[in-house]
There are 2 protein chains.
Amino acid sequence: MKQCDLIISDGDIVSMDSSFRILESHDLAISGGKIIDIYPTGSKKYRAKEDWDASGCFVTPGMINAHSHLPMTYLRGVADDMPLYKWLSEYIWSLEAKLLAPDFVYDASLHGAAEMLLNGITLTNDMYFHIDKIADACTEAGMRVIVSEAIIEAQLKDGLGHFIKRQEAIAERYKAEELVDIALAPHAIYTCSRDLLKECAAITAKKGWMIHTHLSETRQEVENCLKEHGKTPYQYLHELGFGELHCLFAHGVHLSESELELMASTRSAVAICTDSNLKLASGFAPLKALRQHGILSPLGTDGVSSNNDLDLLAELSTTAKLHKAINEDPEFLSAQEAFALVTIDAARALGKGDTLGSLEIGKAADLLLIDPYELNSQPLYNIYSHLVYAMNSRQIRDVFVAGKAVVQDKSLVNIYDDELMKKAFHYEGMVERFL
Amino acid sequence: MKQCDLIISDGDIVSMDSSFRILESHDLAISGGKIIDIYPTGSKKYRAKEDWDASGCFVTPGMINAHSHLPMTYLRGVADDMPLYKWLSEYIWSLEAKLLAPDFVYDASLHGAAEMLLNGITLTNDMYFHIDKIADACTEAGMRVIVSEAIIEAQLKDGLGHFIKRQEAIAERYKAEELVDIALAPHAIYTCSRDLLKECAAITAKKGWMIHTHLSETRQEVENCLKEHGKTPYQYLHELGFGELHCLFAHGVHLSESELELMASTRSAVAICTDSNLKLASGFAPLKALRQHGILSPLGTDGVSSNNDLDLLAELSTTAKLHKAINEDPEFLSAQEAFALVTIDAARALGKGDTLGSLEIGKAADLLLIDPYELNSQPLYNIYSHLVYAMNSRQIRDVFVAGKAVVQDKSLVNIYDDELMKKAFHYEGMVERFL
């Protein structure tokens, strides 16, 4: 018998490999944070330091959140039922101006990361400020994160050069930390000038970073861009050099057919933020057209304050059904294709398709044990149907990141809930004084 | 001190009264299944046989599901990702033809009722076959139900007269059972002839029953109706006498402005089935226009096989956000107006506004204790915002119907989960043999 660190035994493995195989009653052998073997339960190929019983459970890849703002978690529900610009300018930005200390960012991010892990999210692609604090919070929780400091020209006091130096120092600091990666985040075309965007593109081309930016979230943004630049937002960015880069565009609600044609030949992807776009009445992203152009379209929760939860499985369920109705095509997007949006498609969209997003030998052991033994998921005729249409995040029993349990029996392993709650009450009082 | 049966103490009472009052730290005194008093905690007005601690919880009215098919619970996920007619004709109807024994209906309904109660639904307006079995299952679970036997002309072997006699016998049998009410359910305009519909209207006018029927679910239904009758579906029914009756129309996706004008002067309401309509790509019901015409528009889960869960709070969250986007109006439907859709508006739509739907003195003690002490609902700035946008059904801790606990600490009081599961496995095997 061979040795390994951990065996997760007797689960029904929803591999999300290229043929969507489900391997009933299989074991996963894990060593060094990676899956080293997958084989039928009972064949006793490995001896492990630790055995983990997954019998009766679905074992799926960890879910990947393609667009978030972790530190906004403390702004959950401070302002609802209003348009994006009013919401940003009258509430969010003025609150942020008062609250944005490193401690606030760390504490709110830890709360958000804890919530994400409980919801089965094992990697989030985040954009905000004080990203070292976000990285610290995520590593504390045991969650993977791609951090990127939002570049807003009005706040860029000492120029992009200094900004990049700071970002490089942060990248250097987390170089050895497997859970943390870094991207460059010009915030949006309406908060960065043409020159700054061009500079960002040039620097990113050299550094090999991914670009993470907001794009075409509202009709207003498109209209303003047409007025100012005579081009649609993606066209504008494409011509500034973004077409050559690996970009993750968040939202993409109002992308036109010709923009999709342009984007199709690039390495870029669009993170669809269904709940946020619905709640702020921004609209519906063109998921079907994106797929027809072969553009990866993972899902993002966006920040809590425009969502108002971090429940990616619920977001998936809504997205999958919504786009059938929008396209008047109930056959559009099978349940298994839908589940790929939060797993393998998301991994590929973030440039991590080789290591994350499916349960295959050699990939990281980021995975979920989901318990279907509840009334809402019986009878059970089709696992994918249940995952997307019937089950909920509270059925996620255990969560592993890089082979380590970070949620066990629906409880956080590395963080005390009660301390998070105490902090949340503290900041609630602080925010309320500013409202 | 006065006597009462039960005091639910120290909750934050989301009354859903006409001014949406929230009464922080209040007690509810309950006797004979009704709320007899509401007063600030600590005033010690009552002595009760039983005290129930609601401290830290929201206390809300029980949620009301305006359209369901309980016995379809066992068909969860048998067929997805296809259009309504194909789904009905190739899967659902042929399965039903083989499965529809009274035992199947009872067992599936008990499963569905248990699931609904755990999700905080205290009354459902159901339509199916073998409705005595549905009534028995719901009373066993402790949930209110309005049952109605679907009238499908092709299956009406011995005429409407005999059908009505059977229905009257059932109504008589459950006369003393507070939890059960009865309605008349011509299934739809495409399964009942003009004469039969007219007869249904005439009989209902005499009996004082509510009519429960499907209406304008698909574009095809509207087109066929125009072709066959030269009228839109509601116009057609209105002229057959339905305009004089109290009707609950399920779906109403393709209702036109002129139909809404016609309906506005009646006692009828439209049950919006968001998830079902999205999943089957039927479209989006005109919620904003319905409200502008003063037509009550509660929510319905529809049957599990087109949903695929019975999670009304999730349905509410999706509906509230979706209709902001559809109307390009983020201010449309505040969170408190949204929460009314599943409480007081639903009660009024079903003709039960005097006894259900809000927590007020004299009304039935149908209520939920919802626990916000979880990461996904902290910080907490606005209770309505959290109920609609952030929380989930798994935070519903206790459920009361008519003053009796039917869910306690997230577990069913009157039913054993394990027996439901055993039955579900049994029927799963049976259904699979027919697939």
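The values are calculated or read from the model by the stated rules, or taken from the named source; none is laboratory data. Please read all numbers here as calculations on a predicted model, not as lab measurements. Virtual Cβ from ideal backbone geometry, glycine too; neighbours counted across all protein chains shown. Please note that ligands, DNA and RNA were not included when accessible areas were found on the heavy atoms of the full protein model with its side chains. Shrake-Rupley method; radii C 1.70, N 1.55, O 1.52, S 1.80 Å.
Results, tabulated for the structure shown:
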| item | result |
| --- | --- |
| Inter-residue pairs, beta-carbon under 9 Å, first farther than 23 Å from A:GLY42 by Cα and not assigned by TED's automatic domain parsing to the domain that holds A:HIS386 and in region A:14-25, second among the hydroxyl-bearing types (Ser, Thr, Tyr) and surrounded by fewer than 18 Cβ atoms within 10 Å (Cβ to Cβ), 6+ apart | none |
| So B:VAL431, is it open to solvent by less than 20 Å² (accessible area, probe 1.4 Å), touching a Ser or Thr at 6+ places or on another chain (Cβ under 7 Å) and aliphatic (A, V, I, L, M) | no |
| Out of A:SER268, A:SER256, sole residue that is more than 18 Å from A:THR191 (Cα to Cα) and touching a Cys at 6+ places or on another chain (Cβ under 6 Å) | A:SER268 |
| Residue in region B:394-409 that is farther than 19 Å from B:ASP51 by Cα, free of Cβ contacts under 8 Å to residues at least 40 places away in the same chain and open to solvent by less than 10 Å² (accessible area, probe 1.4 Å) present | yes |
| Checklist (1) buried (at least 24 other Cβ atoms within 10 Å of the Cβ); (2) under 21 Å from the mean Cα position of the chain (by Cα); (3) at pLDDT 95 or above; (4) of a type outside the set (Gly, Ala, Ser) applied to B:LEU296, failing item | (1) |
| Restricting region B:259-271 to residues that are part of a loop (DSSP other than H, G, I, E, B) and open to solvent by 30 Å² or more (accessible area, probe 1.4 Å), the residue that is nearest to B:HIS214 (Cα to Cα) | B:ARG267 |
| Residue among B:GLU315, B:GLU328, B:GLU337 that is touching a strand residue (DSSP E or B) at 6+ places or on another chain (Cβ under 9 Å) and among the acidic types (Asp, Glu) | B:GLU315 |
| Members of region A:79-90 found to be in contact with a helix residue (DSSP H, G or I) (Cβ under 6 Å, 6 or more places away or on another chain) and either at the interface with chain B (Cβ under 8 Å from one of its Cβ atoms) or within 21 Å of A:ALA188 (Cα to Cα) (or both), listed by number | A:ASP80 |
| Conditions (1) in contact (Cβ under 8 Å) with a residue 40 or more places away in the chain; (2) surrounded by fewer than 17 Cβ atoms within 10 Å (Cβ to Cβ): number failed by A:SER68 | (2) |
| Members of region A:357-390 that are over 18 Å from B:ALA108 (Cα atoms) and aliphatic (A, V, I, L, M) | A:LEU359, A:ILE361, A:ALA364, A:ALA365, A:LEU367, A:LEU368, A:LEU369, A:ILE370, A:ILE383, A:LEU387, A:VAL388 |
| Some residue of region A:179-191 being out of contact with any Cys (no Cβ under 7 Å at 6 or more places or on another chain) and farther than 30 Å from A:LEU356 by Cα | yes |
| Segments classed as helices (runs of 4 or more DSSP H), wholly inside region B:311-360, with at least 3 members that are touching a helix residue (DSSP H, G or I) at 6+ places or on another chain (Cβ under 9 Å), open to solvent by less than 10 Å² (accessible area, probe 1.4 Å) and within 9 Å of another protein chain (Cβ to nearest Cβ) | B:312-326 |
| All strands (runs of 3 or more DSSP E) inside region B:157-258 with 1 or more residues being open to solvent by 20 Å² or more (accessible area, probe 1.4 Å) | B:180-186 |
| Residues of region B:11-25 classified as touching a Gly at 6+ places or on another chain (Cβ under 8 Å) and open to solvent by 30 Å² or more (accessible area, probe 1.4 Å), total | 1 |
| Single match in B:SER15, B:SER25 (criterion: hydroxyl-bearing (Ser, Thr, Tyr) and under 24 Å from B:ASP354 (Cα atoms)) | B:SER15 |
| Pair list, Cβ under 7 Å, 6 or more apart: region A:112-123 residue over 16 Å from A:ILE134 (Cα atoms), other residue in a helix (DSSP H, G or I) and of a type in the set (Gly, Ala, Ser) | A:ASN119/A:SER393; A:GLY120/A:SER393 |
| Residue list for region A:406-418, restricted to those being outside any strand (DSSP E or B) and away from chain B (no Cβ under 11 Å) | A:ASP409, A:VAL413, A:ASN414, A:TYR416 |
| Cβ pairs under 7 Å, 6+ apart, first in region A:423-435 and closer than 15 Å to A:ILE92 by Cβ, second loosely packed, with under 15 Cβ neighbours inside 10 Å | A:PHE434/A:LYS98 |
| Selected residue [assigned to a helix (DSSP H, G or I) and in contact (Cβ under 8 Å) with a residue 40 or more places away in the chain] from A:LEU368, A:LEU387 | A:LEU387 |
